[in-house]
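Derivation of every value follows stated rules applied to the coordinates shown; laboratory data play no part. Just so it is clear, the model here is predicted, and its values are computed rather than measured. Using ideal geometry, Cβ is built from the backbone for each residue, glycine included, and neighbour counts are taken over all protein chains shown.
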């Protein structure tokens, strides 16, 4: 039997449940699923999009790091 998985072998053999926390960022016609490296960078885990051209972008391939910028919401605009 061959097992294809993105999980490291040592995690698969530990017998413990390993549940990484991923975050989905809306992009174009879909989402980019990332794992945070720090507060300002994230590693792309997977791209989910209805636009096939998104999969051809070299900067959005799994394993690539992207820089994040955070915006603070203005509470008055929510009212």
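Just the number, please: Stokes-Einstein D of region 20-70 in µm²/s, Kirkwood Rh from C-alpha pairs, 10 °C, 1.306 mPa s. Translational D for this selection: 144 µm²/s. Here the gap between residue 43 and residue 72, fully extended at 0.36 nm per residue and compared with their Cα-Cα distance, gives a gain of 8.2 nm. Residue exposure proxy: 43, 67, ordered by other Cβ atoms within 10 angstrom of their Cβ from fewest to most, comes out as 67, 43.
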